[in-house]
Amino acid sequence: MAIIITDECINCGACEPECPNTAIYEGAVGWKYNEGTSLNGTSKLPNGKEIDTDEEQDPISDEYYFIVPDKCTECVGFHEEPQCAAVCPVDCCIPDENTIETEEELLTKQHFLHN
């Protein structure tokens, strides 16, 4: 499953540089699939969703840092544990119960993002 940042976030920014997938963004900031990944042009995500990797996407939160679920691999393929959760001083980086993925699915996503 992906990690989410709860509304208890204090906007310290400790999590953002720790993400190997560049899946964490500051609140109210647009983002792109190609940022911090090897994606370019039009691509189909492992979940079947077709995307333009260069197109700016709307922020998921306007108030606090957020994690893009399509880019989050829970650090599988990079680290033993999600680095955002490891550095968060208020423990607001938690598993997203609405985005459940197996370790195999997360590893497939990691390979897709960084082929």
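The values are calculated or read from the model by the stated rules, or taken from the named source; none is laboratory data. Everything numeric here is computed off the predicted structure, so don't read it as measured data. Every residue, glycine as well, gets a Cβ built from its backbone with ideal geometry; the counts of neighbours run over all protein chains shown.
Pairing residues of region 55-71 that are among the acidic types (Asp, Glu) with residues that are surrounded by 17 or more Cβ atoms within 10 Å (Cβ to Cβ), at Cβ distances under 6 Å and at least 6 apart in sequence or on separate chains, gives GLU56/LYS32. Which condition does GLU80 not pass, out of (1) touching a strand residue (DSSP E or B) at 6+ places or on another chain (Cβ under 9 Å); (2) over 18 Å from ASN115 (Cα atoms); (3) of a type in the set (D, E, K, R), if it passes all the others? Of (1) touching a strand residue (DSSP E or B) at 6+ places or on another chain (Cβ under 9 Å); (2) over 18 Å from ASN115 (Cα atoms); (3) of a type in the set (D, E, K, R), only one is false for GLU80: (1). Within region 1-54, the set of residues being β-branched (Val, Ile, Thr), over 15 Å from CYS92 (Cβ atoms) and either within 15 Å of the chain's Cα centre (by Cα) or crowded, with 18+ Cβ neighbours inside 10 Å (or both) comprises THR22, VAL29, THR37, THR53.
In region 9-52, how many are basic (Lys, Arg) and modelled with pLDDT of 95 or more? Explain how you work it out, then say what you get.
Just the residues of region 9-52 that are basic (Lys, Arg), to begin with: 32, 44, 49.
If we keep only those that are modelled with pLDDT of 95 or more too, we end up with 32.
Adding up the residues that qualify gives 1.
Residue pairs whose Cβ atoms lie under 8 Å apart, separated by 6 or more positions or on different chains, with the first residue in region 14-29 and farther than 19 Å from VAL76 by Cβ and in contact (Cβ under 8 Å) with a residue 24 or more places away in the chain and the second of a type in the set (Gly, Ala, Ser) and assigned to a loop (DSSP other than H, G, I, E, B), are GLU26/GLY13; GLY27/SER61; ALA28/SER61. Counting only strands (runs of 3 or more DSSP E) that sit completely within region 1-110, those holding 1 or more residues that are out of contact with any Ser or Thr (no Cβ under 8 Å at 6 or more places or on another chain) correspond to 3-5, 42-44, 93-95.
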